[in-house]
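Colleague: Questions regarding the structure given below will be posed in turn.
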Amino acid sequence: AQSVTQLGSHVSVSEGALVLLRCNYSSSVPPYLFWYVQYPNQGLQLLLKYTSAATLVKGINGFEAEFKKSETSFHLTKPSAHMSDAAEYFCAVSSTGANNLFFGTGTRLTVIP
Amino acid sequence: DTAVSQTPKYLVTQMGNDKSIKCEQNLGHDTMYWYKQDSKKFLKIMFSYNNKELIINETVPNRFSPKSPDKAHLNLHINSLELGDSAVYFCASSPAGDTEAFFGQGTRLTVV
């Protein structure tokens with residue numbers, strides 16, 4: 001079985017500051033891991049995904065995440081927050097790919113000017 | 001040129017009614033899904049269709065029934081709507097063997 005825990009339902013950062021959104025997963029098999037972003041009143045957009053290739057994954061909009069098997073983590077980072085990054089971020093895990101995604105409960109990112 | 005489109009975007013209806021949400025994808029993907037996002041933003045898969053065959057049903061009440069007239073469409077029919085059905089419903093699709101799911105804009109269903 002797979003599951004995801006996102007620590008912190010709300011995260012606030014100042015514009016230009018580091019963004020760090022935490023995600024820990026549980027999986028009995030090597031996982032596929034994803035970060036999705038949801039802007040207000042919009043659908044989910046894929047930021048990046050880990051599929052057993054490089055452990056440091058670069059995504060869109062300057063985001064990246066590092067897969068750490070020993071810590072069962074897949075934290076999302078961005079060096080410098082922009083106002084447009086304010087959104088809800090979801091971490092997801094799957095053992096087989098897109099056909100069986102398990103989502104975390106989301107982290108709302110607020111960027112303070 | 002929307003990839004995954006859902007209609008309607010908003011739906012307000014009374015308890016006991018029957019309603020449908022339509023979904024279409026123009027990506028040529030083999031698999032389509034319906035997800036439910038509750039008031040706490042928790043997302044959970046409801047159904048998955050691959051080449052018109054249901055392959056996942058996550059213990060969803062049988063008042064919910066997916067209908068796929070062809071590979072590009074997966075509609076969601078809901079009978080006898082209940083207050084607890086209020087949520088945002090997302091349609092998604094993915095190509096065969098791929099790990100990425102493409103989501104629609106969501107349909108916010110409110111049952112009053």
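Colleague: Of the accessible area of region A:1-54, with the probe set at 1.4 angstrom, what percent is carbon plus sulfur?
Modeller: Ligands and nucleic acids excluded, carbon and sulfur reach 51 percent.
Colleague: What is the average number of partner chain Cβ atoms found within 10 Å of a Cβ in B:94-100?
Modeller: 6
Colleague: Right, another one. Just the accessible area per residue of the protein assembly as shown, please: how many Å² with a 1.4 Å probe?
Modeller: Computed with neighbouring chains in place, this is 47 Å² per residue.
Colleague: If R₀ is 30 angstrom, what is the calculated FRET efficiency for the pair A:Ala17 and B:Tyr10, using the beta carbon separation as r and rounding to 0.05?
Modeller: Efficiency computed from Cβ-Cβ geometry: 0.25.
Colleague: Cα convex hull of the protein assembly as shown: how many Å³ per residue?
Modeller: 123 Å³
Colleague: Considering only DSSP states other than H, G, I, E and B, which chymotrypsin sites (Phe, Trp or Tyr not before Pro) in region B:20-112 qualify as loop sites with at most 14 other Cβ atoms within 10 Å?
Modeller: B:Phe42
Colleague: Can you work out ³J(HN,Hα) from phi for every residue in region B:28-34, in order, using Karplus 6.51 cos²θ - 1.76 cosθ + 1.60 and θ = phi - 60°, giving whole Hz and x for Gly and Pro?
Modeller: 3J(HN,Hα) across region B:28-34, in whole Hz: x, 6, 8, 10, 10, 9, 10.
Colleague: Cut-off under 25 Å on the C-alpha distance; same-chain residues fewer than 8 positions from B:Lys40 excluded. Which lysines are left, in chain and number order?
Modeller: List returned: A:Lys49, B:Lys9, B:Lys19, B:Lys22.
Colleague: Next question. Per residue in region B:22-56, which ones lose no less than 40 Å² of accessible surface when going from chain alone to all protein chains (1.4 Å probe)?
Modeller: Buried by 40 Å² or more upon assembly, which counts only protein chains, are B:Tyr35, B:Lys41, B:Phe42, B:Leu43.
Colleague: Which positions within region A:37-80 get 20 Å² or more of their accessible surface covered by the other protein chains, compared to the chain by itself, with a 1.4 angstrom probe?
Modeller: A:Gln38, A:Asn41, A:Gln42, A:Gly43, A:Leu44, A:Leu46, A:Lys49
Colleague: Let me see the P(r) profile for chain B: every Cα-Cα distance counted, bins of 10 Å, each bin given as a percent of all pairs.
Modeller: 15, 51, 29, 5, 0
Colleague: Here's something else I'd like to know. May I ask you to compute the full-extension gain from A:Val29 to A:Ile112, defined as 0.36 nm times their residue separation minus their alpha-carbon distance, rounded to one decimal in nm?
Modeller: 26.0 nm
Colleague: Let me ask you something else. Roughly how big is the protein assembly as shown's charge dipole about its Cα centre, with Cβ charges of +1 (Lys, Arg) and -1 (Asp, Glu), in debye to the nearest 20?
Modeller: It works out to roughly 260 debye.
Colleague: With the radius of gyration and the Kirkwood radius both derived from the Cα set of chain A, what is their ratio Rg to Rh?
Modeller: 0.95
Colleague: Let me ask something else about it. Calculate the FRET efficiency for A:Gln42 and A:Glu66 from the Cβ-Cβ distance with a Förster distance of 22 Å, rounded to the nearest 0.05.
Modeller: 0.25
Colleague: What whole-number distance in Å separates the alpha-carbon centres of region A:7-80 and region B:9-26?
Modeller: 32 Å
The values are calculated or read from the model by the stated rules, or taken from the named source; none is laboratory data. Predicted model only: the values in this text are computed from it and were never measured. All Cβ positions, even for glycine, are placed from backbone atoms using ideal geometry, and neighbour counts span all protein chains on display. Areas reflect the complete protein model, heavy atoms only, side chains present, ligands, DNA and RNA absent. Shrake-Rupley method; radii C 1.70, N 1.55, O 1.52, S 1.80 Å.
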